[in-house]
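The values are calculated or read from the model by the stated rules, or taken from the named source; none is laboratory data. Since the model is a prediction, treat every value here as computed from it, not as a measurement. Neighbour counts run over all protein chains shown; Cβ positions are idealised from the backbone, glycine included. Note: accessible area is taken over every heavy atom of the protein model, side chains too, but ligands, DNA and RNA are not part of it. Shrake-Rupley method; radii C 1.70, N 1.55, O 1.52, S 1.80 Å.
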Amino acid sequence: MPSVQPGCLWVVATPIGHRDDLSARAVETLRAVAVIAAEDTRHSRPLLLQHNIGTPLLALHEHNERDAVEAIVRRLLGGESVALISDAGTPLISDPGFRLVRAARAAGIRCAPVPGACAAIAALSVAGLPSDRFVFEGFLPPKAAARRARLQELAGDPRTLIFYESSHRVAESLADMRDVFGGGREAVLARELTKLFETVLGEPLAELAAHVAADPDQQRGEHVILVAGRGEEAEAKLAEGQRVFAILREELPPAKAAKLAAAISGAPRRLLYQESGESGMGNREW
Ligand code: SAM
């Protein structure tokens, strides 16, 4: 007998590509609940049919989440069990569901996970970058200025950074990361995970950005970008760069002082300039 309890909200992960990455417990739960709240019912139906799941669906997406939540919470309080799924992977992870889970918990309803695929974690598991500490940043802002500002905020973070990116912005974002974090920072592009054209490219940002810009195939499909955090070696270079910059700045204009200090220390020119508190440097590559 399935272990579904009435009045429980089951948050169920679905595959991010390979259809067999739907767990046995996910199938069991999706069959047993009264209704499945899905981000896009047309998108989810084929997956559910492949697994002989005939449970009724209702839509819960970004645009109706506020209204749909109320109705779903009412059903849950009435003793019905509900499963929440998104188009791919784990609900709430750059996907709808936050409002529903929050409202359900506030109403005293049990929320239980049925874990499974998540692109960020799948990518981290094969990237070969430090995985003891990482930060999930989801999608960067689509506009260049806001994106660069967000990257600047993250430039000093020692943890591995994980981003989702859409195919039409991946080349642009990698170029921005190269400019802001420095071309030497290790990065990985995990593309089309669990699908036919899965590729996992690991290169310093300067090479990765050039590689992806030159190869339209690498811009197709779905992408996770992972960037190593600012490491100890980089910290030491930066400290040396700041020391040299401060000396040169006595005699030279800031841009020139940053350029020379970067060449002497190996620290990113942009970061030297930024951390010195001076502003006005253009978006030149260093
Ligand atoms: N909820 C999903 C999860 O658990 O990973 C993420 C949904 S978000 C709307 C979609 C983004 O996830 C894509 O733009 C891409 O950045 C990433 N993604 C999803 N599937 C992927 C895959 N198979 N390979 C690489 N990235 C993927």
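Here are a few things to note about the model shown:
- Some residue of region 74-82 being surrounded by 15 or more Cβ atoms within 10 Å (Cβ to Cβ) and touching a Phe, Trp or Tyr at 6+ places or on another chain (Cβ under 8 Å): yes
- Any hit, region 102-116, residues being surrounded by 17 or more Cβ atoms within 10 Å (Cβ to Cβ), touching a Pro at 6+ places or on another chain (Cβ under 6 Å) and closer than 20 Å to Val33 by Cβ: no
- Of all residues making up region 26-47, the number that are touching a residue at least 12 places away in the same chain (Cβ under 8 Å), closer than 23 Å to Phe98 by Cβ and in a helix (DSSP H, G or I): 7
- Filter pass, Ala123 being closer than 25 Å to Leu47 by Cβ, open to solvent by less than 10 Å² (accessible area, probe 1.4 Å), in contact (Cβ under 8 Å) with a residue 12 or more places away in the chain and within 16 Å of the ligand (Cβ to nearest atom): yes
- Residue match in region 62-70 (condition: open to solvent by less than 70 Å² (accessible area, probe 1.4 Å), farther than 20 Å from Ala32 by Cβ, in contact with a helix residue (DSSP H, G or I) (Cβ under 9 Å, 6 or more places away or on another chain) and within 16 Å of the ligand (Cβ to nearest atom)): yes
- Out of Leu193, Leu252, sole residue that is open to solvent by less than 30 Å² (accessible area, probe 1.4 Å), outside any strand (DSSP E or B) and over 27 Å from Ala149 (Cβ atoms): Leu193
- Meets criteria (more than 16 Å from the ligand (Cβ to nearest atom) and either more than 26 Å from Arg191 (Cα to Cα) or open to solvent by 20 Å² or more (accessible area, probe 1.4 Å) (or both)) for Leu92: no
- Screening Glu203 against (1) more than 19 Å from Ile93 (Cβ to Cβ); (2) within 16 Å of the ligand (Cβ to nearest atom); (3) of a type outside the set (A, V, I, L, M, F, W, C) leaves a single unmet condition, (2).
- Yes/no for Phe98 being open to solvent by 50 Å² or more (accessible area, probe 1.4 Å), among the aromatic types (Phe, Trp, Tyr), in contact with a strand residue (DSSP E or B) (Cβ under 9 Å, 6 or more places away or on another chain) and within 28 Å of Val27 (Cβ to Cβ): no
- One residue alone among Ala206, Ala213 is modelled with pLDDT of 95 or more, small (Gly, Ala, Ser) and within 30 Å of Cys118 (Cβ to Cβ), and that residue is Ala213.
- Checklist (1) modelled with pLDDT under 95; (2) among the polar types (S, T, N, Q); (3) surrounded by fewer than 20 Cβ atoms within 10 Å (Cβ to Cβ) applied to Gln218, failing item: (3)
- Hits in region 107-146 (condition: over 26 Å from Glu192 (Cβ atoms), hydrophobic (A, V, I, L, M, F, W, C) and outside the structural domain of Ala88 (by TED's automatic domain parsing)): Ala145, Ala146
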